[in-house]
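Colleague: Dumping the structure here so I can ask a few things about it.
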Amino acid sequence: DQQVKQNSPSLSVQEGRISILNCDYTNSMFDYFLWYKKYPAEGPTFLISISSIKDKNEDGRFTVFLNKSAKHLSLHIVPSQPGDSAVYFCAASATQGAQKLVFGQGTRLTINP
Amino acid sequence: AAGVIQSPRHLIKEKRETATLKCYPIPRHDTVYWYQQGPGQDPQFLISFYEKMQSDKGSIPDRFSAQQFSDYHSELNMSSLELGDSALYFCASSLGDRGPRGYTFGSGTRLTVV
């Protein structure tokens, strides 16, 4: 039972354009969401997060949008740069109870020069 | 700044052997989480420790055990290894009251069972 889903295994975007990565979740107990960036042979690196009390959080080129009614979040990267090429994982947690993360399957983003 | 240290980085074992993975958290972090990422899979939560006590348990096989020591480092012990145990094993640490907001992951240990 995949509680966090990233339905696009890969995404290719032109340098300078906007990259939009999507994530859906099923568990309504999730109230905190995170995006991680991962390079091969390295651990996930925290990128940006959002609490369920917000619908948008922005940090530089990265913006995360949360639509609670649709149980959907998205990560926007603009403008996209070649260094953004990596695998991006969406993760969720519920503040009540355990603080473990539930991850999506990841989306491999490739930024083309 | 000090990061989460995992050792070894790579490990090759034969079926039915035993493996021990180590995780050294960021100084002052009191919580450790273990995740397993199989080939082409998302990271799956295995187990976590807070102040040397097990705080949560996920999809960890009975053949695996783990503990957190007095210096807060943690070890994941894996016995009777199977081919399906081949994966990247990540450890993350945080301050207990910060939860996932304060997560920092190590670079992982790649375990290959042959």
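No lab work stands behind these numbers, since they all come straight from the coordinates. Computed from a predicted structure; not experimentally measured. So basically every Cβ, Gly included, is an ideal-geometry build from the backbone, and we count neighbours across all protein chains shown.
Colleague: Starting from a Cα-only point model with no solvent, please compute log10 I(q)/I(0) by Debye for segment B:26-81 at q = 0.12 1/Å.
Modeller: -0.28
Colleague: Would you please give the FRET efficiency between B:L83 and A:T45, computed as 1/(1 + (r/R0)^6) with r the Cβ-Cβ distance and R0 = 41 Å, to the nearest 0.05?
Modeller: After rounding, the FRET efficiency stands at 0.85.
Colleague: Still on this structure: Could you give the nm distance between label points at B:K57 and A:T95, where each point is 7 Å from its Cα heading toward the beta carbon?
Modeller: It works out to 2.8 nm between the two label points.
Colleague: So for the protein assembly as shown, what percent of the C-alpha to C-alpha distances run longer than 33 Å?
Modeller: For the protein assembly as shown, the share of Cα pairs beyond 33 Å comes to 16 percent.
Colleague: Here's a follow-up. State, in angstrom, two size descriptors of segment A:2-54 derived from its alpha carbons: Rg to one decimal place and Dmax to the nearest whole number.
Modeller: Looking at segment A:2-54, its Cα Rg and Dmax stand at 13.2, 37 Å.
Colleague: Now for a separate question. How long are the semi-axes of the equivalent ellipsoid of segment A:24-83, defined as square roots of 5 times the Cα gyration tensor eigenvalues? Whole Å, largest first. Please list the in-between numbers first.
Modeller: Details: eigenvalues 96, 43, 18 Å².
Result for segment A:24-83: semi-axes of 22, 15, 9 Å.
Colleague: Can you compute the FRET efficiency between A:R108 and B:S70 using 1/(1 + (r/R0)^6), with r the Cβ-Cβ distance and R0 = 45 Å? Round to the nearest 0.05.
Modeller: It comes to 0.65.
Colleague: Which value, in debye to the nearest 20, describes the size of the charge dipole of chain B about its Cα centre when Lys and Arg Cβ atoms bear +1, Asp and Glu Cβ atoms bear -1, and nothing else is charged?
Modeller: I would put it at about 200 debye.
Colleague: Once Rh for chain A is found with the Kirkwood sum over Cα pairs, what is the Stokes-Einstein diffusion coefficient at 37 °C and 0.692 mPa s, in µm²/s?
Modeller: Result for D is 233 µm²/s.
Colleague: Find, to one decimal place in angstroms, the Kirkwood hydrodynamic radius of chain B, where the mean of 1/r is taken over every pair of different Cα atoms and then inverted.
Modeller: 13.9
Colleague: Using the Cα centre as the reference, give the magnitude of the dipole from point charges on the C-beta atoms of chain A (Lys, Arg: +1; Asp, Glu: -1; all else neutral), rounded to the nearest 20 debye.
Modeller: 80
Colleague: Let me ask something else about it. Pairs of Cα atoms under 8 Å, at least six residues apart: use those to get the relative contact order of chain A, whole percent.
Modeller: 37
Colleague: So, one more: Using the Karplus equation 6.51 cos²θ - 1.76 cosθ + 1.60 (θ = phi - 60°), what ³J(HN,Hα) coupling, rounded to whole Hz, does each residue of segment A:44-51 give in order, writing x for Gly and Pro?
Modeller: These are the phi-based 3J(HN,Hα) values: x, 10, 4, 10, 7, 9, 8, 8 Hz.
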